[in-house]
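Trainee: Quick one: structure below, then a few questions.
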Amino acid sequence: MLRAPIWMTSAYFATSGTLIFPPGTTNKTFPVNLIPDAISEPIETVNLLLNNFVIGTPGPVTQAVLYIVDNASAPRLLAPARLPDGSFQFSLLGPAGRRYAIEGSTNLAAWTELARLTNSTLSSTFRDLTATNQTRRFYQARQVD
C-alpha cells in the first residue's frame with residue numbers, strides 16, 4: 001500500500017492511495033502528475049514510501065526517491081563510492097541528451113577535466129580509474145553543449 005499526505009508543491013500534485021500486489025507480483029507503477037511551468041528549476045526529489053501493509057510482508061525495499069528533472073536542470077552527482085580497486089564511481093543525473101564534462105580535484109581549487117559523457121537517459125555512471133592513489137577526490141559536472 002502506498003500512502004503519502006495530500007498537498008500541492010511547486011512541481012507535482014501529491015497524492016495517496018492503495019497499490020494492490022497480486023501473488024507473485026513484485027513491481028507496480030503509478031502516475032505522478034507534474035505541474036508544468038516555464039521556470040528553470042534544479043532537480044527536485046520526492047520521497048516515496050510503501051507502508052501500512054495488509055495481508056502480506058514487504059520485500060527489502062519499501063522506500064525510494066523519485067527525481068524530477070527539468071530540461072534546464074543542472075547536473076547532480078549521486079551515490080559516490082570508492083571501489084575495491086581504489087577507483088571512484090558515481091552516477092550523473094541530469095536532462096537526457098546533454099553532454100557533460102566530468103572534472104576532478106584533490107583540493108577544490110584546481111580542477112582537471114577527466115572525461116566527457118553524453119547522458120542518453122536521465123542517469124549515467126562514471127568511473128574514475130585515475131583516482132586509485134588519491135586520498136581525497138572531489139568531482140563536479142558541467143554541461144558543455
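The values are calculated or read from the model by the stated rules, or taken from the named source; none is laboratory data. Remember, it's a predicted structure, so these values are computed and weren't measured experimentally. Glycine gets a Cβ as well: all are built from the backbone with ideal geometry, and neighbour counts include every protein chain shown. Side chains included, ligands, DNA and RNA excluded: accessible areas come from the protein's heavy atoms. Shrake-Rupley method; radii C 1.70, N 1.55, O 1.52, S 1.80 Å.
Trainee: Taking springs between alpha-carbon atoms closer than 10 angstrom, which of PRO58, PRO36, PRO23 fluctuates most in the Gaussian network model of the chain?
Mentor: Sorting by GNM fluctuation, first place goes to PRO23.
Trainee: Which far-off residues, 5 or more places away or on another chain, put their amide H under 5 Å from the one on ALA115, with H placed in the peptide plane?
Mentor: It is ILE102, by chain and number.
Trainee: Can you give the FRET efficiency for ARG127 and LEU66, using 1/(1 + (r/R0)^6), R0 = 22 Å, r = Cβ-Cβ distance, to the nearest 0.05?
Mentor: Numbers: r = 25 Å, r/R0 = 1.15.
Approximately 0.30, to the nearest 0.05.
Trainee: Can you tell me the FRET efficiency between VAL54 and PHE13 if r is taken as the Cβ-Cβ distance and R0 is 25 Å, rounded to the nearest 0.05? The partial results should precede the final answer.
Mentor: Values: r = 25 Å, r/R0 = 1.01.
Efficiency, rounded to the nearest 0.05: 0.50.
Trainee: Quick one: accessible surface of ILE39, probe radius 1.4 Å, all protein chains present, in square angstrom to the nearest 10.
Mentor: 100 Å²
Trainee: At PHE21 and SER105, where each label point lies 7 Å from the Cα along Cα→Cβ, what is the point-to-point distance in nanometres?
Mentor: It is 4.4 nm.
Trainee: Working only with C-alpha atoms, what are the Rg and Dmax values of the stretch 10-119, expressed in angstrom?
Mentor: Cα radius of gyration and Dmax of the stretch 10-119 are 18.8, 57 Å respectively.
Trainee: Another one. Short version: ³J(HN,Hα) in whole Hz for each residue of the stretch 45-50, in order, from phi by Karplus 6.51 cos²θ - 1.76 cosθ + 1.60 (θ = phi - 60°), x for Gly and Pro, what are they?
Mentor: With the stated coefficients, the stretch 45-50 comes to 10, 10, 8, 10, 9, 9 Hz.
Trainee: Let me ask another. Could you list which residues have their amide H under 5 Å from that of THR15, counting only those 5 or more apart in sequence or on another chain, with H placed in the peptide plane?
Mentor: Amide H neighbours of THR15, under 5 Å, 5+ apart: TRP7.
Trainee: Additional query: Cut-off 10 angstrom, C-alpha nodes, Gaussian network model of the chain. Which of SER40, SER91, SER123 fluctuates the most?
Mentor: Answer for the Gaussian network model of the chain: SER40.
Trainee: Which residue fluctuates most in the GNM of the chain (Cα springs below 10 Å): LEU34, LEU93, LEU117?
Mentor: The residue with the greatest mean-square fluctuation here is LEU34.
Trainee: To the nearest 20 Debye, how big is the dipole of the chain about its Cα centre, given +1 on the beta carbon of each Lys and Arg and -1 on that of each Asp and Glu?
Mentor: So the magnitude is around 300 debye.
Trainee: With r defined as the distance between the Cβ atoms of GLU41 and ARG136 and R0 fixed at 30 Å, what FRET efficiency is calculated, to the nearest 0.05? Display every interim value, and only then the final one.
Mentor: On the way: r = 31 Å, r/R0 = 1.05.
Efficiency, rounded to the nearest 0.05: 0.45.
Trainee: Still on this model: May I ask which residue of SER87, ASN107, SER123 lies farthest towards the positive end of the charge dipole of the stretch 74-131, with charges of +1 (Lys, Arg) and -1 (Asp, Glu) on Cβ and the Cα centre as origin?
Mentor: Final value for the positive-end residue is SER123.
Trainee: Sticking with this structure for a sec: Check each of the chymotrypsin sites (Phe, Trp or Tyr not before Pro) in the stretch 34-105 and keep only those in coil by DSSP with at most 15 other C-beta atoms within 10 angstrom; list them in order.
Mentor: Details: sites: PHE53, TYR67, PHE88, PHE90, TYR100; in loops: PHE53.
Answer by residue number: PHE53.
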